[in-house]
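Enquirer: To start, I am sharing the structure in question, which I have written as structure tokens.
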Amino acid sequence: MEAFFPTLISLLLLFSSIACFNTTFADSQAATIAFKFVESSFGHESPTIIPQQHSRDVKIPNPCLRNAYTAIQALKKAIHSDPKNFTGNWVGSDVCSYNGIFCAAVDDNSSHEVVASVDLNSAELEGFLPDELGLLADIAVFHANSNRFHGSVPDSLAGLKRVVEFDVSNNRLAGGFPKAALQMPALRYLDLRFNGFDGPLPPELFDKGLDALFLNNNRFHSDLPENFGNLTASVAVLANNYLAGCIPKSIGKMRHLNELVLTNNRLDGCLPAETGMLSYLTVFDVGFNLLSGFLPESLAGLRNLEELHVSHNLLIGAVPKGVCKLPKLANFTFSHNYFNEDSRECARRKGSKKLFDFASNCFSEKMQQRTAEACSPFTNRSVDCEKFKCGYASSRFAMPPPQYVNLTPPPPEAAVLPPAEEFSYASTPPPEFHVY
């Protein structure tokens, strides 16, 4: 984290005003939050309390740090298990000395500090996220991954107007998609994976201007919205949910996309030809879905593609030879489909050290293939993708996809995500996409 702070300070300097002096909380709201905190702390009403006076003993003249003190003490009160004693030094007025709390000066010529980052990663804390966290109006980074937080993400976190990274992955959070995340205007990195969030994905999520999006291993269930292609991220992982319907043709607009992982959902319909427009794509995984029709010839245009996974679907016809000729393709899994035509180029690549998994298809005179009886209903029919009606129950061949067991996220590595403009992310890097 230490190497991150020059960048963090630079980021803070982009803002023309100090957020705690221009917070989205009205004075009355901040006072109410402070009053609620003190009342619950002392166990009785305090009618003489001064707005934002958070303790009878602690004096903090800096209003930004005073708000931060209220928020952090509320969080401490909301934690009911702390086996590492991570919050043990969360006492007194020196908020900037607390474990996991990092401060920065507003500018080089100022002694005025604000809380710029909260890092609770892997602290093994158990509890909930209190409303008062919305008072941390100056933070650029909120990391709380790999804990045991439960409940929902409070709507008050919409007050985090400066936050760039929001990571609450690998917890026990639940409820619908966090509305607060949609109201964080500076947000670029959003990581909600390995939780129990459910309900539909809001279309406005894909208009957020994100650089990285991780939603895998939750319970989201909805179609992918038509504006799915408006997502500006370089990495998007939505695997292991209950997403259904077609992959929108707008996918062709995702020109900055490097890695897209949609495996183990309930997506159906045909793969849109527009997928071939993603010239920077290196990983494309739509395995374990209900996709039908042919593998588009346009995928031969993905010159940077290294991994292509379409196994465990209902795909038919020929494997395009242009796909097998892709120069960087090292891992191509198309097993457990109904392909029945194979090009010489694909056969040649299968004989190399490259991983080309073609088992359980309908190739004649090849080993480990489906029976003719199993292949016949698929190989003897045609699919009109223009007339295909998307939806989980639309195909008489539809079947629930096999379910993965939720895996523990890999440990943090030293790598970071590619920089977005001039900002290098400090959050836990994405996993290698062999497991999710």
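Enquirer: Could you work out the local net charge near Cys362, counting Lys and Arg as +1, Asp and Glu as -1, over the other residues with Cβ closer than 14 Å to its Cβ?
Expert: Working: positive: Lys366, Arg370, Arg381; negative: Glu341, Asp342, Glu365, Glu373.
That works out to -1.
Enquirer: Suppose R0 equals 45 Å; then what is the FRET efficiency for Thr371 and Asn85 from their Cβ-Cβ distance, rounded to the nearest 0.05?
Expert: Numbers: r = 61 Å, r/R0 = 1.36.
The computed FRET efficiency comes out at 0.15.
Enquirer: Sticking with this structure for a sec: If eta is 1.306 mPa s and T is 10 °C, what Stokes-Einstein diffusion coefficient results for the range 248-390, Kirkwood Rh from Cα pairs, in µm²/s?
Expert: For the chosen part, D equals 104 µm²/s.
Enquirer: Can you list residues from other chains, or at least 5 along the same chain, whose modelled amide H is less than 5 Å from the amide H of Leu291?
Expert: Long-range HN contacts for Leu291: Leu314.
Enquirer: How much net charge surrounds Leu260 when only other residues with a Cβ under 11 Å from its Cβ are counted (Lys, Arg +1; Asp, Glu -1)?
Expert: Values: positive: none; negative: Glu259, Asp285, Glu307.
Taking every other residue near Leu260 into account, the sum is -3.
Enquirer: So between Arg219 and Arg348, what do we pick up on full extension, going 0.36 nm a residue minus the alpha carbon distance? Please report the intermediate quantities before stating the final value.
Expert: Values: separation 129, 0.36 × 129 = 46.44 nm, distance 4.06 nm.
Gain on stretching Arg219 to Arg348: 42.4 nm.
Enquirer: My understanding is that a pair violates if its Cα-Cα distance is over 21 Å; which of Lys179/Lys208; Lys76/Lys208; Lys208/Lys253; Lys249/Lys387; Lys321/Lys366 do that in this structure? Each step should come with its number before you reach the end.
Expert: Values: Lys179/Lys208 13 Å; Lys76/Lys208 31 Å; Lys208/Lys253 15 Å; Lys249/Lys387 14 Å; Lys321/Lys366 18 Å.
Violating the 21 Å Cα-Cα cut-off are Lys76/Lys208.
Enquirer: Now, a different point. Can you tell me the FRET efficiency between Ser279 and Leu355 if r is taken as the Cβ-Cβ distance and R0 is 35 Å, rounded to the nearest 0.05? Please report the intermediate quantities before stating the final value.
Expert: On the way: r = 23 Å, r/R0 = 0.67.
The value I calculate is 0.90.
Enquirer: ³J(HN,Hα) across the range 150-162 via Karplus (A = 6.51, B = -1.76, C = 1.60, θ = phi - 60°), whole Hz, x for Gly/Pro?
Expert: 10, x, 10, 7, x, 4, 5, 5, 4, x, 7, 6, 9
Enquirer: Give me the net charge of Ala273's neighbourhood, meaning all other residues with Cβ under 12 Å from the Cβ of Ala273; Lys, Arg count +1, Asp, Glu -1.
Expert: Working: positive: Lys249; negative: Glu274, Glu297, Glu386.
Taking every Cβ under 12 Å from that of Ala273, the sum is -2.
Enquirer: In percent, how large is the relative contact order of the range 278-362, given Cα pairs closer than 8 Å and 6 or more residues apart? Provide the component values of the computation, followed by the final result.
Expert: Details: 191 pairs, mean separation 23.0, N = 85.
Computed value for the range 278-362: 27 percent relative contact order.
Enquirer: Could you tell me the calculated FRET efficiency between Arg255 and Lys321, based on Cβ-Cβ distance and R0 = 22 angstrom, to the nearest 0.05? Walk me through the numbers before you get to the answer.
Expert: On the way: r = 26 Å, r/R0 = 1.17.
Here the calculated transfer efficiency is 0.30.
Enquirer: Full-extension gain between Asn99 and Ser111, please, as 0.36 nm times their residue separation minus the C-alpha to C-alpha distance.
Expert: Once the chain is fully extended between Asn99 and Ser111, it gains 2.2 nm.
Enquirer: Taking amide H positions as placed 1.01 Å from N in the peptide plane, with prolines and chain starts having none, which residues 5 or more places from Ala186, or on another chain, fall under 5 Å of its amide H?
Expert: Long-range HN contacts for Ala186: Val163.
Enquirer: Based on other C-beta atoms within 10 Å, arrange Thr275, Thr282 from fewest to most. Could the numbers behind the result be given before it?
Expert: Details: Thr275 22, Thr282 19.
Final ranking by Cβ density, sparse to dense: Thr282, Thr275.
Enquirer: Let me ask something additional. Whose amide H sits under 5 Å from the amide H of Cys103, counting only residues 5 or more places off or on another chain, with H placed in the peptide plane?
Expert: Excluding prolines and chain starts, which carry no amide H, the hits are Ala116.
Laboratory data are not the source of any read-out in this text; all were calculated from the coordinates shown. Remember, it's a predicted structure, so these values are computed and weren't measured experimentally. Cβ: placed from backbone, ideal geometry, glycine included. Neighbour counts: every protein chain shown.
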